[in-house]
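Engineer: Here it is: the structure, laid out below.
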Amino acid sequence: MLQDTQHIKIEDYNYPLQDERIAKFPLEKRDASKLLLNKNGELSEYHFYDLPELLPADSLLVFNNTKVIQARLIFTKETGAQIEVFCLEPYSPNDYVLSFQQTRACEWKCMVGNSKKWKAGKIQTSLQLNNGKDVLLEAERISTDNNTHIIRFTWEDPSLTFADILDKVGELPIPPYLHRHTCERDKETYQTVYSKIKGSVAAPTAGLHFTPEVLAALPAKGIELEELTLHVGAGTFQPVKSEEIKEHTMHSEVISVKQETIEHLIRKTGRVVAVGTTSVRTLESLYYIGLYLQAHPDADAHELSVQQWTPYQTNSELTTEQALSNILSYLKKNNKDKLQTATQIIIAPGYKFKVVNAIITNFHQPKSTLLLLISAYLKSNWREMYDYALAHDFRFLSYGDSSLLMM
């Protein structure tokens with residue numbers, strides 16, 4: 001199974017996507033977007049506000065509640081050269097909450113644009129407070145590993161947290177394929193209405209279609225709601241450049257799932273609907289974490305991290321309920337109210353879904369790992385669906401329309 005999946009040729013997951021089919025801006029009303037229902041291979045068109053009528057009444061809808069941070073910082077050197085520092089994830093302290101709470105300094109793993117112009121030393125930018133006072137933010141490169149850098153940020157006003165710094169001088173990082181600058185409206189429209197936990201550098205875009213009205217209509221139809229957190233990294237936009245996917249290295253992302261969410265999943269096994277590919281990756285990772293705990297009940301959080309090819313190297317009879325129950329036992333034994341670890345899982349044709357029963361998702365880039373995930377669920381029916389979407393004026397990518405996949 002591993003070998004079959006690793007030898008998938010990414011060119012088989014290519015399709016013609018013209019720039020004019022990419023939605024550059026969202027619709028004025030989020031839930032007025034089109035929704036393509038793919039139910040057992042049968043395609044039919046709806047609008048997103050129809051979602052409560054389309055889902056089975058006993059479903060559990062699982063959202064990713066991550067919030068996009070204003071992760072792009074622009075520094076200007078004395079020479080006039082502009083350096084872009086893109087914050088990827090906290091390094092010291094290596095916890096999102098703790099890092100955002102720092103009041104004088106913190107270190108982040110970053111990408112740096114125009115880095116050749118930044119040979120050494122500190123670079124600076126200033127931010128103006130409401131009282132008219134200017135505060136200096138400095139950045140210093142501590143180390144470099146390939147195309148990522150550890151950057152130490154320092155500022156002189158202890159009344160400001162790093163979260164405040166990003167809110168005041170950071171820019172929201174909209175996807176590069178939009179080929180435009182971030183505008184003020186993106187600060188609202190590129191966040192889900194239920195976003196809570198800061199940490200992503202890209203939105204979980206399937207959730208952008210939800211409105212308070214749709215959310216309120218779901219429980220009225222007997223559909224239950226649950227949340228988890230996966231902080232979306234910049235790697236989500238990284239295309240597969242190798243001929244076969246075995247040469248592609250998946251990005252690792254931080255996940256957090258509460259104990260009561262695990263309990264809810266156990267009660268609703270077989271009826272779980274994932275909102276977006278990030279929720280899919282988190283939910284499916286739970287199975288392999290529970291499987292690992294079956295043999296290693298005393299593992300620490302780092303050991304529970306799911307590696308890229310783990311699902312394809314495993315042949316287990318463990319049920320979904322048993323795997324989730326192992327996580328529950330682990331949390332209770334260690335007096336933890338939530339599971340926090342990371343996942344690098346790649347979901348591609350050959351993958352057998354363990355937790356997720358249906359998926360709400362947008363239309364993804366050609367030759368992307370997200371398209372591989374969709375194909376894994378549809379069992380190679382993806383091209384028919386995408387041909388239909390292209391022929392019927394569906395809008396593609398982050399600000400585009402969505403689909404509901406049910407088998």
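Engineer: Which three extents, in whole angstrom, do the alpha-carbon atoms of the stretch 156-312 cover along their principal axes, largest first?
Structural biologist: 48, 46, 42
Engineer: Net charge near A295: determine it from the other residues with C-beta under 15 Å of the C-beta of A295, scoring Lys and Arg +1 and Asp and Glu -1.
Structural biologist: -4
Engineer: I would also like to ask the following. Would you work out which of L43, P349, Y96 lies farthest towards the positive end of the dipole of the chain, given +1 charges on the beta-carbon of Lys and Arg and -1 on that of Asp and Glu, about the Cα centre?
Structural biologist: Result: Y96, furthest along the dipole toward the positive end.
Engineer: Which value does Rg/Rh take for the stretch 1-155 over its C-alpha atoms, Rh per Kirkwood?
Structural biologist: We get a ratio of 1.11 for the stretch 1-155.
Engineer: Under a straight-distance cross-link criterion of Cα-Cα below 16 Å, which aspartates and glutamates are reachable from K24, leaving out those fewer than 8 residues away in the same chain?
Structural biologist: Filter leaves E184, D186, E188, D393, D401.
Engineer: The stretch 307-351 to the stretch 257-289: how many Å between their Cα centroids?
Structural biologist: A separation of 10 Å, based on Cα centres.
Engineer: Something else: Two-decimal Rg/Rh of the stretch 172-211 from alpha-carbon positions, Kirkwood Rh?
Structural biologist: 0.93
Engineer: What is the sum of charges around T103, taking Lys and Arg as +1, Asp and Glu as -1, for the other residues whose C-beta is under 12 Å from the C-beta of T103?
Structural biologist: -2
Engineer: Further question: Can you give me the relative contact order of the stretch 285-407 as a percent, contacts being Cα pairs under 8 Å and 6 or more apart?
Structural biologist: 26 percent
Engineer: Once the other residues with Cβ under 11 Å from the Cβ of E321 are scored (Lys, Arg +1; Asp, Glu -1), what is the net sum?
Structural biologist: +3
Engineer: Further, regarding this structure: Nearest 500 deg cm²/dmol is fine: what mean residue ellipticity at 222 nm does the chain get from its DSSP H runs of n ≥ 4 alone, each adding -39,500 (n - 2.57), divided by its residue count? Walk me through the numbers on the way to the answer.
Structural biologist: On the way: 11 runs with 98 residues, N = 407.
So the calculated ellipticity at 222 nm is -7000 deg cm²/dmol.
Engineer: Would you kindly calculate the mean projected area, averaged across all directions, of the convex hull enclosing the Cα atoms of the stretch 287-332, in square nanometres?
Structural biologist: Details: hull surface 12.3 nm².
Average projection, Cα convex hull of the stretch 287-332: 3.1 nm².
Engineer: Excluding same-chain residues fewer than 8 positions from K133, which aspartates and glutamates have a Cα within less than 15 Å of its Cα?
Structural biologist: E156, D157, D164
Engineer: Still on this structure: Dipole size in debye (nearest 20) for the stretch 72-171 around its Cα centre, Lys and Arg Cβ +1, Asp and Glu Cβ -1?
Structural biologist: 380 debye
Engineer: Using square roots of five times the C-alpha gyration tensor eigenvalues, list the equivalent-ellipsoid semi-axes of the stretch 72-171 in whole Å, biggest first. Spell out each step's value before the answer.
Structural biologist: Working: eigenvalues 83, 61, 21 Å².
Ellipsoid semi-axes (Å, largest first): 20, 18, 10.
Engineer: Over the stretch 72-171, what relative contact order in percent results from Cα pairs under 8 Å that are six or more residues apart?
Structural biologist: Relative contact order comes out at 30 percent.
Engineer: Same structure, new question: Find me the longest stretch of the chain that has none of the exposed GluC sites (Glu not before Pro), where exposed means in a DSSP loop (not H, G, I, E or B) with at most 14 other Cβ atoms within 10 Å.
Structural biologist: Values: sites that count: E28, E78, E156, E184, E243, E303, E317.
Within the chain, the longest run free of exposed GluC sites (Glu not before Pro) spans 318-407.
Engineer: Here is a further query. In percent, what relative contact order does the chain have, based on Cα pairs under 8 Å that are 6 or more apart in sequence?
Structural biologist: Reported as a whole number, the value is 24 percent.
Engineer: Percent of Cα-Cα pairs per 10 Å bin, from 0 to the last occupied bin, for the chain, please list those.
Structural biologist: Pairs per bin, as whole percents: 4, 22, 31, 26, 13, 3, 0.
Only the coordinates and a few stated rules stand behind these numbers; no lab work does. Note that the coordinates shown come from a computational prediction; the quantities given were computed from them, not determined experimentally. We place every Cβ from the backbone using ideal geometry, glycine too, and count neighbours over all the protein chains shown.
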